[in-house]
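Q: Let me give you the structure first, and then I'll get to my questions.
Just so it is clear, none of the values below were taken in a lab; they were calculated from the coordinates. Just so it is clear, the structure is predicted and the values come from calculations on it, not from any experiment. Glycine also receives a Cβ, built like all others from the backbone with ideal geometry; neighbour counts cover every protein chain displayed.
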Amino acid sequence: MFSGKTEELIRRLKRAQIANQKVEIYKPAVDVRYDLQDIVSHDASRIRSTPVESSGSIPLMATDIQVIGIDEAQFFDDGLLDVAETLALSGVRVIIAGLDMDFQGKPFGPIPALLSRAEYITKLHAICMQCGDLATYSYRKNAESAKIILGEKDSYEPRCRDCFYKGR
């Protein structure tokens, strides 16, 4: 979290729009933190998207498209891998953003499978809020045990490996 994933996704999709490519953007319907429809980064950059309940809805809505963006991919079902693969094989450029680990430091949702099949991977890092090193972990600041809790700085903070495990 807080590494700029959504900001980078928005930047890439806006560049595709500037190039007059046909772009569609999707996010999981469960993500209502900043806006019901738009994808919004922590720095308030935004782009119109379509919220969907499951990955299977994406190919049904994405017709005659050149570029598809998907945000918060960790919240999608495991079918997202097949959706992305099918779209890519049909010539669509698929750009996906999401967390690779959950708050316990374990692989999150369909992301590990997507990483294994992706041609290009950009791993962004936040800054550890404890020591200032590069952060790759999302440290949950409360005792909630549910795997998915939508939150921001009040619920999570980025931490490096050392600070993450010291805090547990």
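Q: What are the ³J(HN,Hα) values, in whole Hz, obtained from phi via the Karplus relation 6.51 cos²θ - 1.76 cosθ + 1.60 with θ = phi - 60°, for each residue of the range 65-71 in sequence order, with x given for Gly and Pro?
A: My calculation for the range 65-71 gives 10, 9, 9, 10, x, 10, 9 Hz in order.
Q: Which log10 I(q)/I(0) values does the chain give at q = 0.08, 0.15, 0.20 Å⁻¹ under the Debye formula, counting every alpha carbon as one identical point scatterer?
A: Those come out to -0.24, -0.83, -1.40, one per q.
Q: Moving to a separate point now. Given the Cα-Cα distance of Asp64 and Lys14 and 0.36 nm per residue of separation, how much length would full extension add, in nm?
A: Working it through step by step, the gained length comes to 16.2 nm.
Q: A further question follows. Which of the lysines could a cross-linker bridge to Lys147, judged by Cα under 29 Å and excluding same-chain residues fewer than eight apart?
A: Lys5, Lys27, Lys106, Lys123, Lys166
Q: In deg cm²/dmol, rounded to 500, what helix-only [θ] at 222 nm does the chain give when every DSSP H run of at least 4 residues adds -39500 (n - 2.57) and the total is split over its residues?
A: -7000 deg cm²/dmol
Q: If a cysteine in the chain has no other Cys Cβ under 4.7 Å from its own Cβ, put it on the list, ordered by number.
A: Cys with no partner Cβ under 4.7 Å: Cys131, Cys163.
Q: Counting only other residues whose beta carbon sits under 13 Å from that of Ile121, what net charge do I get with K and R as +1, D and E as -1?
A: Counting the neighbours of Ile121, the net charge comes to 0.
Q: Here is a follow-up. Rounded to the nearest Å, what's the spacing between the alpha carbon centres of the range 24-90 and the range 129-168? Just the number, please.
A: Between the Cα centre of the range 24-90 and that of the range 129-168, the gap is 25 Å.
Q: Could you pull out the longest piece of the chain with no exposed loop chymotrypsin sites (Phe, Trp or Tyr not before Pro) in it, calling a site exposed if DSSP puts it outside H, G, I, E, B and it has at most 16 other Cβ atoms within 10 Å? It would help to have the intermediate numbers written out before the result.
A: Numbers: sites that count: Tyr34, Tyr120.
Within the chain, the longest run free of exposed chymotrypsin sites (Phe, Trp or Tyr not before Pro) spans 35-119.
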